[in-house]
Every structure is written in C-alpha cells, then in structure tokens.
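The values are calculated or read from the model by the stated rules, or taken from the named source; none is laboratory data. None of the values given here were measured: they were computed from a predicted structure. So basically every Cβ, Gly included, is an ideal-geometry build from the backbone, and we count neighbours across all protein chains shown. Quick note on the areas: whole protein, heavy atoms, side chains included, nothing else; ligands and nucleic acids left out. Shrake-Rupley method; radii C 1.70, N 1.55, O 1.52, S 1.80 Å.
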Amino acid sequence: MTGIAAHGAYVPITRLPLSLAAGRAAVEGGPERAVGDYDEDAVTMAVTAAIDCLTGIARESVDAVYFASTTYPLREKQGAALIAKALDLRRDVLTQDHAGSLRAGTAALESALHAVAAGALRAVLVVASDCRLGAPRGALEAKLGDGAVALLVTANPVARFEGSCSRADELQDVWRIEGERFTHTWEDRFAIQEGYTPNMIAALRGLLEKSGRCAEDFAKVALYAPDERSAGAILKKLGFKDQQVQDPLFGRLGNTGTPFALMLLAHALETAGPGDRLITAAYGDGAHALAFEVVRPAPPRRGMAWHLARRRAVASYDTYLRARGLDAVEWQSGADLGLSATIRFRERDADIAFLAARCTSCGQVHFPKPRVCAKCFAKDRWEPHRLSDRRGRLLAYTFDYFFPAAEPPTIMVMTEVDGCRVHVQMTNVRSVDVALDQPVEYVFRKIHDAGGKPNYFWKASPLAEATHG
C-alpha cells in the first residue's frame, strides 16, 4: 500500500488586498492574495513547507526529494539539492527537479508514488512551490498567489493512492518566456473553453472510469482552477455536488500555480477521516488527476489552516512593488558577481543546513563552529547539531535603516538556541511587535540577490499562534 504519509504547507504571512492592486484604498476583510515577502522565493517557501511536513519524522529516513516549480530562480542549478541541504538530509539522497508545466507538482507526486510502490525508494519528499508574478495592475496580478506544499510518500500512508489519469495537450494559453518575470495568458474565454474545460473533464472522467467509481464516492475534490466559476461548471457536469468541492481559496490565497492543486489536497487531508476518498487534479498543457483513500487521520501539522489564519496586509501597493523588485530603486549593483563560490561551498553546512557544532567533551553548542570550545577549551572536538528545527528566544535587537528592505527597518536580533547565541535578521514581524525574551523559530529565507543569483540564510520568526491584522 503506497500513498501520502504526511503533508505540510506554507502560505506567506503577507497579503495583498485586491483593492490595492486595483488602485483603490485597502478594504479590511475584503478579497486578497498571498504574496511572498522581499526575502522569499520558491526555494524558501519549499523549505518551510518541507519542515512542516517532516515534523516528528526522522530526516535520515528520506530517500529522495522531488522539487516541482516553474519559478525556481536558477536555470542551471538543481533546486532539490539546495532544499535537501537546507533540510540536512543524507548525502546519498536522490534529488530531482520537475519543471516546465503547472502539472509538474502532480507529475512529481505520481513519480514518487510509483518509485515507492516499485520498491526503488522507501520515502520520497515531494515539494511544490511557486512565487508567480503578473504584470503590475494587470489582470493576472489579482489572480495569482504564492505558496508551497510538501508531501511525504511511503508504503505506510495515511492516504492510499488509488489511481490516476492524465491528458496531454499542446495549447499556449498560459506561459512565460525565458528571461521574463511576468506570466502571460491568452484571452480568458479561449483558454477556458479550448484548454481548461475539455482537458480537466477528460482527466476527471477518465479517472472515474479507470477506478470504477462515480462522483458520489468521493468526499472532496481539490481542483486547480483559473476561477471559481470554471471549476464549478466542470464538477457540476461530472455529477459532483457543491459540498464535495474543496474550497479553492480565491480571495484568500490566489492561484499558486504548480503547488495549487496539491495545496488544496493538503487542506482536504487536514479534516478528512478514514474511508474518505479524495481527488486532486492539476491543469497545464493538459490535465492530471489522482485519487486517494484516507486510511487513518493525518498527523497534525500547521498545514494550510494555520497559515491561512496567520496573515498581515502589506502596508501599501508600493511596498508590494518594492518587495518584488518592481520599483525604480536599484538595490544591488549589476556588476557584483555575488558571494564567492569557494566561500559558499566551505560554509554551506552553516549557511544552508544551519548546522551548529556541539562539543563532544562538554556538550556546549556553538554557531558558527570554532576551533576551540569556549566552555571547556577542547580543540577540534565537534559533532554537527542542527538548529533549523529548534526553538529559541530573543536576547537583543536593533533596527537597521540602511540595509535594503521593502518595509524598513531591517530587524537584527541576537537569539539564544540550545545554549548558543545566533545573530540573524528577523522576519514576519513589524518593529513595534519585537520584544525581549520573545520565543522564535528559524525560517529559511533569501538574504539578498547578488551577481544575478539569490543568496540564502536563516532568519528568526516569532513563534506564535495564528494572528490577524
């Protein structure tokens, strides 16, 4: 029996009110979309979702990482390997990138399901993440959203894989050209009538026929959709009722692209019970539908519900533009070649995996690793100690108005975690809400862009329940 053993998700805390995108004043409680902050991209969101998924699971048990995205910022460097390093996984882990289509997420998931069923791998972490851009004030800007999802595939699942059906179709309805930042779409009526509707109906109908089941057999359908009306018309035609439709979260999340259908699936798993059957279906150059049966409740995670409730509206539309690097201010010099490849390689355990060093003589933890232990003075007696999944507290802070940020100031903090002190930036908080002794967790973020490529490290984030505002 093969299927999904655990799931995790990530939705950025920042929201763009759609009224701001339309050039009007912000409306409290009105429709909005999730937008990554200036220090977030497809990789950072993927890492956060994966950490959520792997809560309580031994990381050495993961045999492979499949990463699906259409917005991973580097064209000739594997994102899955970077994610595996940030998660401190085994060096012999298999890593794969899936890209080129919004169906890359479901394609990666089915590949993982077959690999585990065949016995080639025991546990595969599938991570899908996108941070998409529509042109400012354009029609797509209000529809797109940012987010990530992670699913662990094993032979001991909470949701058993029942079958799939896919349909390939060559249609240029949504695309992005190499070198461009903005997603484009053809006229909506053409894209829906000629692409989305026939392909999605064919994939869903084919899945029902192959499985020998009818629409009434399924508790929820987590469906990719360009809008709520188009999805509703398809499901009604196939015999699904309104209560079977997993909320597509338009006006709260937005269309996140590659992870969209799988994020909705993860949301459905949060409340599904044993015996519930679920369908997830993605669209892009055709359609792809997969069916699962829940065999036991999913392990508790932050998941979609926690992240959707934890939100903060951007201060202004200009703040959103600056966070995406779309204003006229140049934050980085184009002539900068970025961080030395030698330094990056030498310090990747600390920078990417967030590995501290524990003294094997006295147990004192240090970050970064020194030659001599400051407590017992033992020399070169260290073992790795991962900090990325630990909790700390804030000892001191200062506000930096010179370091470039979309919403100044940049908050610099000294934190204590496992007995050592770590100096990092702080994110997901406004300066007025910073307080001494505040509990924090650590999140993988982008520090800056240099030399045409992003540079990553870890930041402190307030450890708190869902907040609104």
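Take Lys220 and decide whether it is of a type in the set (Lys, Arg), surrounded by fewer than 22 Cβ atoms within 10 Å (Cβ to Cβ) and in contact (Cβ under 8 Å) with a residue 24 or more places away in the chain.
Values: of a type in the set (Lys, Arg): yes; surrounded by fewer than 22 Cβ atoms within 10 Å (Cβ to Cβ): no; in contact (Cβ under 8 Å) with a residue 24 or more places away in the chain: yes.
No: the conditions fail for Lys220.
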Contact list please: Cβ distance under 9 Å, first residue in region 315-330 and within 14 Å of Pro408 (Cα to Cα), second residue in a helix (DSSP H, G or I) and at pLDDT below 85, pairs at least six apart or on different chains.
Tyr320/Ala21
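Specify the residue that is surrounded by the fewest Cβ atoms within 10 Å (Cβ to Cβ); the eligible residues are those in region 179-198 that are assigned to a loop (DSSP other than H, G, I, E, B) and free of Cβ contacts under 8 Å to residues at least 24 places away in the same chain.
By that ranking, first place goes to Gly179.
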Which residue is modelled with the lowest pLDDT, if the candidates are limited to region 39-77 and must be under 15 Å from Ile352 (Cβ atoms) and of a type in the set (A, V, I, L, M)?
Leu74
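Regarding region 135-144, can at least one residue be identified that is part of a loop (DSSP other than H, G, I, E, B), touching a helix residue (DSSP H, G or I) at 6+ places or on another chain (Cβ under 6 Å), open to solvent by less than 50 Å² (accessible area, probe 1.4 Å) and touching a residue at least 12 places away in the same chain (Cβ under 8 Å)? First the steps, then the outcome.
Going through region 135-144, the residues part of a loop (DSSP other than H, G, I, E, B) turn out to be 135-139, 143.
Subsequent filtering for residues that are touching a helix residue (DSSP H, G or I) at 6+ places or on another chain (Cβ under 6 Å) retains none.
No, the conditions are met nowhere in region 135-144.
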Among the strands (runs of 3 or more DSSP E) confined wholly to region 400-469, which include 3 or more residues that are modelled with pLDDT under 90?
439-450, 453-462
For Arg390, indicate whether it is open to solvent by 20 Å² or more (accessible area, probe 1.4 Å), part of a strand (DSSP E or B) and not aromatic (Phe, Trp, Tyr).
no
